[in-house]
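Just below is one structure, and these are the notes that go with it.
The values are calculated or read from the model by the stated rules, or taken from the named source; none is laboratory data. The shown structure was predicted, so the numbers you read here are calculated from the model rather than taken from an experiment. For neighbour counting, all protein chains shown are included, and Cβ atoms are generated from backbone atoms with ideal geometry for every residue, glycine included.
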Amino acid sequence: MTDRIVFVYKSAQKARHWLYMAEKDAFAKLPEGLLTAFGTPKFVMMFALSKHRQLPKISREQLENALNEKGYLLRIDLEDEEESLINQERRYRGHEPLDKDQLRELFK
């Protein structure tokens, strides 16, 4: 059994947009419009999927399924911006940052 290599790109135009691909630089295989919306991909890293038990914000199974079915997975991190801005302001004012549960309470 060969180890699956995953190629990771970030968007040059949009913060917190990540593209995981089964093949390096195989952008012609992406759906029409996805690359336009994503912007110019900047290669970040490659890794062997079997070597990672945990991945940021996605499961290994989700990634493996997407790579098998489509050849890519698009990950967009939305909540980090809110959390980052609130906690940046808290730090600026000399307060401790809030954890995710405390942040959720703010938006109820």
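Residues in the range 9-24 that are closer than 14 Å to L67 by Cα and either of a type in the set (D, E, K, R) or not assigned by TED's automatic domain parsing to the domain that holds N68 (or both): E23, K24. Selection of the range 48-59 for residues being surrounded by 15 or more Cβ atoms within 10 Å (Cβ to Cβ) and over 24 Å from L85 (Cα atoms) yields only L49.
For Q88, the criteria (1) at pLDDT 85 or above; (2) not assigned by TED's automatic domain parsing to the domain that holds K14 hold in every case but one, which is (1).
Yes/no per residue for (1) in contact with a Gly (Cβ under 7 Å, 6 or more places away or on another chain); (2) not charged (D, E, K, R):
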| position | (1), (2) |
| --- | --- |
| Q13 | yes, yes |
| R16 | no, no |
| G33 | no, yes |
| P41 | no, yes |
| H52 | no, yes |
| P56 | no, yes |
| E61 | no, no |
| K70 | no, no |
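Among the residues of this structure, M21 does not count as one that is touching a residue at least 12 places away in the same chain (Cβ under 8 Å), touching a strand residue (DSSP E or B) at 6+ places or on another chain (Cβ under 9 Å) and loosely packed, with under 11 Cβ neighbours inside 10 Å.
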